[in-house]
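Accompanying notes for the structure given below.
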Amino acid sequence: DGFEIRKMNKQDLRRQVPDFLGGGGVMSLSSSSLLIYREDLHIDLPEPSRSATIDVDACPPLTNPWHITNEQQAIGVCEAFGLFDRFYGEAFDSKPTGRQRLHSPVKMRLNGCSQGSVMITDPMIESDAIGVGPSVAITVEAKRNVHEVHSKQLFLPMHDTVSRLREQGHGHAVKPTVMCFRGEGSFDLYELEFSDPTDITSHSITRSCR
(Lines give C-alpha, C1' and ligand atoms only; values in the text may rest on other atoms or scores of the structure.)
Protein backbone atom coordinates (compact mmCIF):
# COMPACT_ATOMS: atom_id res chain seq x y z
CA ASP A 1 0.00 0.00 0.00
CA GLY A 2 2.90 2.39 -0.64
CA PHE A 3 4.24 2.07 2.93
CA GLU A 4 7.76 3.53 3.23
CA ILE A 5 10.14 1.65 5.48
CA ARG A 6 11.81 4.90 6.64
CA LYS A 7 8.53 5.87 8.31
CA MET A 8 8.84 2.94 10.71
CA ASN A 9 11.39 4.88 12.72
CA LYS A 10 9.16 7.96 13.07
CA GLN A 11 7.00 6.88 15.99
CA ASP A 12 6.91 9.79 18.42
CA LEU A 13 3.26 8.93 19.11
CA ARG A 14 1.50 5.58 19.42
CA ARG A 15 -0.82 6.44 16.52
CA GLN A 16 2.25 6.49 14.27
CA VAL A 17 3.02 2.83 15.02
CA PRO A 18 1.94 0.65 12.04
CA ASP A 19 -0.93 -1.70 12.87
CA PHE A 20 1.07 -4.77 11.87
CA LEU A 21 3.43 -4.19 14.83
CA GLY A 22 0.58 -5.05 17.20
CA GLY A 23 1.31 -2.32 19.74
CA GLY A 24 5.08 -2.83 19.72
CA GLY A 25 7.57 -0.32 18.45
CA VAL A 26 10.67 0.39 16.39
CA MET A 27 13.98 2.07 17.18
CA SER A 28 17.35 2.45 15.47
CA LEU A 29 20.24 0.24 16.54
CA SER A 30 22.76 1.77 14.15
CA SER A 31 22.94 3.92 11.04
CA SER A 32 21.64 1.00 8.99
CA SER A 33 19.58 -1.30 11.23
CA LEU A 34 16.30 -1.17 13.14
CA LEU A 35 14.93 -3.11 16.07
CA ILE A 36 11.29 -4.19 15.86
CA TYR A 37 10.30 -4.73 19.48
CA ARG A 38 7.07 -6.28 20.68
CA GLU A 39 6.99 -4.17 23.87
CA ASP A 40 5.22 -0.80 24.02
CA LEU A 41 8.01 1.79 23.74
CA HIS A 42 5.92 4.83 24.65
CA ILE A 43 5.64 6.57 28.01
CA ASP A 44 2.40 8.23 29.15
CA LEU A 45 2.62 11.80 30.46
CA PRO A 46 -0.24 12.28 32.95
CA GLU A 47 -1.26 15.63 34.32
CA PRO A 48 1.17 16.58 37.12
CA SER A 49 -0.20 16.29 40.63
CA ARG A 50 1.39 19.52 41.81
CA SER A 51 1.84 22.97 40.33
CA ALA A 52 3.84 26.13 40.89
CA THR A 53 3.64 29.70 39.59
CA ILE A 54 6.33 32.23 38.78
CA ASP A 55 6.37 36.00 38.37
CA VAL A 56 6.71 36.58 34.63
CA ASP A 57 7.47 40.27 35.09
CA ALA A 58 10.46 39.52 37.32
CA CYS A 59 12.60 38.25 34.43
CA PRO A 60 11.11 39.04 31.01
CA PRO A 61 12.41 36.49 28.45
CA LEU A 62 13.22 37.32 24.85
CA THR A 63 10.39 35.02 23.78
CA ASN A 64 6.81 35.66 24.90
CA PRO A 65 5.88 32.61 27.03
CA TRP A 66 2.28 32.84 25.79
CA HIS A 67 3.19 32.78 22.11
CA ILE A 68 5.55 29.84 21.63
CA THR A 69 5.63 28.19 18.21
CA ASN A 70 8.34 25.53 18.60
CA GLU A 71 10.20 23.42 21.13
CA GLN A 72 13.39 25.50 21.12
CA GLN A 73 11.45 28.63 22.04
CA ALA A 74 9.89 26.69 24.92
CA ILE A 75 13.34 25.56 26.09
CA GLY A 76 14.53 29.18 25.95
CA VAL A 77 11.65 30.34 28.15
CA CYS A 78 12.27 27.52 30.66
CA GLU A 79 15.94 28.46 30.90
CA ALA A 80 15.17 32.19 31.15
CA PHE A 81 12.86 31.61 34.12
CA GLY A 82 15.08 28.92 35.67
CA LEU A 83 12.34 26.29 35.54
CA PHE A 84 14.81 23.39 35.40
CA ASP A 85 16.83 24.89 38.27
CA ARG A 86 13.67 25.25 40.39
CA PHE A 87 12.45 21.75 39.53
CA TYR A 88 15.69 20.01 40.53
CA GLY A 89 17.11 22.47 43.05
CA GLU A 90 20.35 22.77 41.06
CA ALA A 91 21.95 25.60 39.12
CA PHE A 92 22.41 24.14 35.64
CA ASP A 93 24.98 25.20 33.09
CA SER A 94 23.37 24.84 29.65
CA LYS A 95 25.45 22.84 27.14
CA PRO A 96 25.34 22.90 23.31
CA THR A 97 23.05 20.31 21.76
CA GLY A 98 22.28 18.93 18.33
CA ARG A 99 21.97 15.74 16.30
CA GLN A 100 24.94 13.46 16.71
CA ARG A 101 25.98 9.82 16.70
CA LEU A 102 25.65 7.84 19.94
CA HIS A 103 28.98 8.34 21.71
CA SER A 104 29.47 4.77 22.96
CA PRO A 105 27.63 1.49 22.28
CA VAL A 106 24.80 0.64 24.68
CA LYS A 107 23.81 -2.91 25.58
CA MET A 108 20.01 -3.10 25.78
CA ARG A 109 18.11 -5.92 27.40
CA LEU A 110 15.37 -7.61 25.36
CA ASN A 111 12.46 -8.83 27.45
CA GLY A 112 10.95 -12.18 26.47
CA CYS A 113 13.54 -12.79 23.75
CA SER A 114 15.90 -15.75 23.61
CA GLN A 115 18.68 -13.47 22.37
CA GLY A 116 18.59 -11.69 25.72
CA SER A 117 20.12 -8.37 24.63
CA VAL A 118 21.18 -6.30 21.64
CA MET A 119 23.89 -3.69 21.10
CA ILE A 120 22.91 -0.18 20.07
CA THR A 121 25.97 1.13 18.26
CA ASP A 122 25.79 4.44 16.40
CA PRO A 123 22.29 5.75 15.65
CA MET A 124 21.68 9.48 15.40
CA ILE A 125 20.35 10.93 18.66
CA GLU A 126 19.37 14.39 19.87
CA SER A 127 18.60 16.21 23.10
CA ASP A 128 16.65 19.46 22.99
CA ALA A 129 18.62 20.69 26.00
CA ILE A 130 21.39 19.46 28.26
CA GLY A 131 22.15 20.98 31.63
CA VAL A 132 25.02 20.14 33.98
CA GLY A 133 24.75 21.11 37.64
CA PRO A 134 27.01 20.53 40.65
CA SER A 135 25.82 16.93 41.14
CA VAL A 136 23.11 16.28 38.55
CA ALA A 137 22.94 16.51 34.78
CA ILE A 138 19.71 16.55 32.76
CA THR A 139 18.82 15.64 29.21
CA VAL A 140 15.61 17.34 28.08
CA GLU A 141 13.12 16.16 25.48
CA ALA A 142 10.84 19.06 24.56
CA LYS A 143 7.27 18.44 23.44
CA ARG A 144 4.31 20.60 22.56
CA ASN A 145 0.95 19.61 24.01
CA VAL A 146 1.27 15.83 23.78
CA HIS A 147 0.53 13.14 26.36
CA GLU A 148 3.17 10.56 25.49
CA VAL A 149 6.81 10.31 24.49
CA HIS A 150 8.87 7.57 22.86
CA SER A 151 11.22 6.04 25.43
CA LYS A 152 14.18 6.06 23.00
CA GLN A 153 14.09 9.88 23.15
CA LEU A 154 15.05 9.62 26.83
CA PHE A 155 16.93 6.32 27.05
CA LEU A 156 19.59 7.02 24.41
CA PRO A 157 20.39 10.67 25.32
CA MET A 158 20.72 9.55 28.96
CA HIS A 159 23.30 6.91 28.06
CA ASP A 160 25.08 9.24 25.65
CA THR A 161 25.43 11.97 28.28
CA VAL A 162 26.57 9.50 30.95
CA SER A 163 29.26 8.24 28.57
CA ARG A 164 30.47 11.71 27.64
CA LEU A 165 30.58 12.90 31.25
CA ARG A 166 32.42 9.76 32.40
CA GLU A 167 35.00 10.32 29.66
CA GLN A 168 35.58 13.80 31.11
CA GLY A 169 35.97 12.40 34.61
CA HIS A 170 32.56 13.45 35.94
CA GLY A 171 30.27 11.19 37.98
CA HIS A 172 27.01 13.13 37.68
CA ALA A 173 23.70 11.33 37.94
CA VAL A 174 21.88 11.95 34.64
CA LYS A 175 18.14 12.64 34.85
CA PRO A 176 16.03 12.11 31.70
CA THR A 177 13.53 14.99 31.62
CA VAL A 178 10.48 15.82 29.54
CA MET A 179 9.31 19.40 29.15
CA CYS A 180 5.88 19.75 27.58
CA PHE A 181 4.51 23.17 26.66
CA ARG A 182 0.73 23.16 27.15
CA GLY A 183 -0.03 26.67 25.91
CA GLU A 184 -1.13 29.81 27.76
CA GLY A 185 2.20 30.01 29.58
CA SER A 186 1.85 26.50 31.06
CA PHE A 187 4.74 24.04 31.13
CA ASP A 188 4.76 20.46 32.45
CA LEU A 189 8.06 19.01 33.69
CA TYR A 190 8.64 15.29 34.25
CA GLU A 191 11.66 13.58 35.77
CA LEU A 192 12.00 9.96 34.72
CA GLU A 193 14.26 7.10 35.64
CA PHE A 194 15.04 3.65 34.27
CA SER A 195 15.22 1.27 37.24
CA ASP A 196 17.29 -1.07 35.05
CA PRO A 197 19.55 1.13 32.88
CA THR A 198 19.79 -1.67 30.30
CA ASP A 199 15.99 -2.02 29.96
CA ILE A 200 14.24 0.65 27.91
CA THR A 201 10.85 -0.42 29.29
CA SER A 202 11.82 -0.06 32.98
CA HIS A 203 10.85 3.62 33.06
CA SER A 204 8.85 5.46 35.69
CA ILE A 205 8.03 9.09 36.43
CA THR A 206 9.63 10.03 39.73
CA ARG A 207 8.26 13.58 39.94
CA SER A 208 6.34 16.09 37.88
CA CYS A 209 5.13 19.65 38.16
CA ARG A 210 3.11 22.14 36.11
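The values are calculated or read from the model by the stated rules, or taken from the named source; none is laboratory data. It should be emphasised that the depicted structure is a prediction, and the values quoted were computed from it without experimental measurement. Please note: Cβ atoms are built from the backbone with ideal geometry, for glycine as well, and neighbour counts cover all protein chains shown. Each accessible area value is taken on the protein alone, full model and side chains, heavy atoms only, with ligands, DNA and RNA left out. Shrake-Rupley method; radii C 1.70, N 1.55, O 1.52, S 1.80 Å.
Quick look at the values:
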read-out	value
Tally, over the range 161-210, of residues that are within 19 Å of I75 (Cα to Cα), touching a strand residue (DSSP E or B) at 6+ places or on another chain (Cβ under 6 Å) and small (G, A, S)	1
Any hit, the range 12-24, residues being at pLDDT 85 or above and not in a loop (DSSP other than H, G, I, E, B)	no
Subset of the range 133-145 (residues that are closer than 18 Å to E71 by Cα and either modelled with pLDDT of 95 or more or open to solvent by less than 30 Å² (accessible area, probe 1.4 Å) (or both))	I138, T139, V140, E141, A142, K143
In the range 102-141, the residues that are more than 19 Å from F84 (Cα to Cα), assigned to a strand (DSSP E or B), of a type outside the set (V, I, T) and in contact with a helix residue (DSSP H, G or I) (Cβ under 9 Å, 6 or more places away or on another chain)	M108
Residue match in the range 103-120 (condition: closer than 18 Å to R210 by Cα and either exposed (fewer than 14 other Cβ atoms within 10 Å of the Cβ) or modelled with pLDDT under 90 (or both))	no
Selection within the range 36-55 - under 16 Å from L154 (Cβ atoms) and assigned to a strand (DSSP E or B)	Y37, H42, I43, D44
Candidate set: the range 174-192, residues that are out of contact with any helix residue (DSSP H, G or I) (no Cβ under 9 Å at 6 or more places or on another chain) and assigned to a strand (DSSP E or B); chosen: the one most open to solvent (accessible area, probe 1.4 Å)	R182
T161 vs. criteria under 17 Å from the mean Cα position of the chain (by Cα) and among the β-branched types (V, I, T)	yes
Cross-chain or 6+ apart pairs with Cβ under 8 Å, the range 16-38 first and within 18 Å of P105 (Cα to Cα) and in contact (Cβ under 8 Å) with a residue 24 or more places away in the chain, then among the hydroxyl-bearing types (S, T, Y) and assigned to a strand (DSSP E or B)	M27/Y37; L34/S28; L35/S28
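Residue by residue, here is whether (1) more than 24 Å from Y37 (Cα to Cα); (2) open to solvent by 20 Å² or more (accessible area, probe 1.4 Å); (3) among the hydrophobic types (A, V, I, L, M, F, W, C); (4) touching a residue at least 40 places away in the same chain (Cβ under 8 Å) holds:
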position: D122; (1), (2), (3), (4): no, yes, no, yes
position: G131; (1), (2), (3), (4): yes, no, no, yes
position: S151; (1), (2), (3), (4): no, no, no, yes
position: F155; (1), (2), (3), (4): no, no, yes, yes
position: Q168; (1), (2), (3), (4): yes, yes, no, no
position: T198; (1), (2), (3), (4): no, yes, no, yes
position: T206; (1), (2), (3), (4): yes, yes, no, no
